[in-house]
């Protein structure tokens, strides 16, 4: 079978910086492909590609995530294994750098599919995942976007951009 | 939101999706990303998908599973993605995008928003783009 890696960096009306966005997804696809070349599985490659994007501050995931109404970062992630249909997810998780890795641990180390909020954070700690500061997940751009919409109540700004993750 | 779908040399498929959500969301708001069949899905018997966009709309139509369902019915990844995105738009006025790989390695990246940055590696060639119809290639 010829291996294939496809990645996306989010859909919307505008890209923060189009050329950088295009470069970031290329790097992430290559990171995933490199894992396959080293003998990694599809799961390893998908996780590696997404970690690459979570660590890139221009994307809305991990570092660079959108800020909630309290100006905090709450992140969601999901991983699915097509071989077994096993899956793992985390929702509204805080203060970790790579939610996709935590979702894989939910899949592999628990009998559950999804852990949310404080429970997800406790599980991360139990799995030895280092907690990071809120500050390290915020970026100048995410703060600027939050400031731009601070006069709106959640959902009152009906632009397509405001509804898309 | 970011995501990846992968087919390895053994024929195994995987999907991964991660997001920070939407700006100024309510505390505790959860979108499509961690919902199986919404933000992502993978089944070696059919294909794999990862979604992005308006989370509430994606959840209402279970977008990733819908694309895989269309492929089960015989559509190509491209046809399945177009059909599911059109359904989401007409049924719940939803905007978004999706990346898909079939079990045979056919792939697509589609959106009904203005842009979605995407990239693919297959057969020693890097494909990438962001605007509708944009498809650049580079040999590795």
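Nothing in this text is a laboratory measurement; each read-out follows from the coordinates by a stated rule. The structure displayed is predicted, hence computed values, not measured ones. Cβ: placed from backbone, ideal geometry, glycine included. Neighbour counts: every protein chain shown.
Candidates in region A:37-63 are the residues that are facing chain B (nearest Cβ under 7 Å) and part of a loop (DSSP other than H, G, I, E, B); of these, the one that is farthest from the chain's Cα centre (by Cα) is A:41.
Of all residues in region B:2-13, how many are touching a residue at least 24 places away in the same chain (Cβ under 8 Å) and either out of contact with any strand residue (DSSP E or B) (no Cβ under 6 Å at 6 or more places or on another chain) or in a loop (DSSP other than H, G, I, E, B) (or both)? Going through region B:2-13 one residue at a time, the tally reaches 2.
Within region B:86-100, being assigned to a helix (DSSP H, G or I) and loosely packed, with under 14 Cβ neighbours inside 10 Å holds for B:86, B:90, B:91. On the stretch given as region B:101-140, residues that are within 7 Å of chain A (Cβ to nearest Cβ) and surrounded by fewer than 21 Cβ atoms within 10 Å (Cβ to Cβ) total 5. Summed over region B:14-52, residues that are surrounded by fewer than 24 Cβ atoms within 10 Å (Cβ to Cβ) and part of a strand (DSSP E or B) total 2.
The set of residues in region A:11-36 being within 19 Å of residue A:78 (Cβ to Cβ) and outside any helix (DSSP H, G or I) consists of A:11 alone. Taking region A:64-97 as the range and being touching a strand residue (DSSP E or B) at 6+ places or on another chain (Cβ under 8 Å) and more than 7 Å from chain B (Cβ to nearest Cβ) as the test, the residues that pass are A:86, A:88, A:93, A:94, A:96.
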